[in-house]
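Just below is one structure, and these are the notes that go with it.
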Amino acid sequence: MKKTARYLPRNTLWTRASPLMRFFVGCALIILVGYLGLTPNVIFGIEIAWPHAALWGAVGWASAGLSVRIMLVLILLGIAQDLFFDAPIGVFAIVNLVTYAVAAILSQAFAVETEILMTIMVTGIAMTSGFFLLWILASAASLHAVSIQFLTQQAISTFIIFFVIMGLFRLGGLPGIRAGTS
């Protein structure tokens, strides 16, 4: 008997969608959230910690294994982030790729498609490694340790929102396995 992911409905339009279609929808969502993040994010005088949406793709797509297509998209998204946030070119691309690599390695080692606890642990470790690397690179670029308060808030918002929408970033298991199964 084939196991399907416990946290996805079994027979929906999304579970029947091809991995390529899921990938395009995930890319569109990342670009939309990233674009909306360029606007002022202040409500009642409080600055909102906007999530790093590219890490959603890096972690979610990693459960399907390593893919050159995904790496190229993460590099392009990272370069766009670098340009919009005036970061040195390549910083966000490196963060996205390292997060993707950590998530892919851990996803292959643990049952992230069928066990929600493993998914939470792998996601937490991968995103934490990405944000830690971002802090190291930001500190190196500014020649002093940058404050981690706002970065921590961004990490928390990225992590929480990912768990609400993580099904949008699941490509359907390992390559060669029909979408919606693992």
Mind checking the per residue accessible area of the chain for me, 1.4 Å probe, whole number of Å²? 55 Å²
Among Ala87, Ala141, Ser63, whose Cα sits farthest toward the positive end of the charge dipole of region 46-182 (+1 at Cβ of Lys/Arg, -1 at Cβ of Asp/Glu, about the Cα centre)? Ser63
Mind checking region 53-102 for chymotrypsin sites (Phe, Trp or Tyr not before Pro) that DSSP puts in a loop (not H, G, I, E or B) and that have at most 13 other Cβ atoms within 10 Å? Phe85
Return the calculated 222 nm mean residue ellipticity for the chain, to the nearest 500 deg cm²/dmol, obtained by summing -39500 (n - 2.57) across DSSP H runs with n ≥ 4 and dividing by the residue count. -20500 deg cm²/dmol
Expressed as a whole percentage, what fraction of the accessible surface of the chain belongs to carbon and sulfur atoms when a 1.4 Å probe is rolled over the protein heavy atoms? 75 percent
Given the peptides 20-31, 119-130, arrange them by the average over their residues of other C-beta atoms within 10 Å, most packed first. 119-130, 20-31
Solvent-accessible ranking of Ile136, Ile148, largest area first, probe 1.4 Å: Ile148, Ile136
Just read off the accessible area of Ile156 with the full protein assembly in place, 1.4 Å probe, to the nearest 10 Å². 90 Å²
Can you give me the span-like helices of the chain, meaning DSSP H runs with 15 Å or more of Cα extent along the axis and Kyte-Doolittle mean at or above 0.0? 19-36, 68-84, 91-109, 116-142, 149-165
Of Ala80, Ala155, Ala140, which has the largest mean-square fluctuation in a 10 Å C-alpha GNM of the chain? Ala140
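The values are calculated or read from the model by the stated rules, or taken from the named source; none is laboratory data. Being a predicted model, the structure only gives us computed values, none of them experimental. Cβ sites come from the backbone with ideal geometry, for glycine too, and all protein chains shown count toward neighbours. Each accessible area value is taken on the protein alone, full model and side chains, heavy atoms only, with ligands, DNA and RNA left out. Shrake-Rupley method; radii C 1.70, N 1.55, O 1.52, S 1.80 Å.
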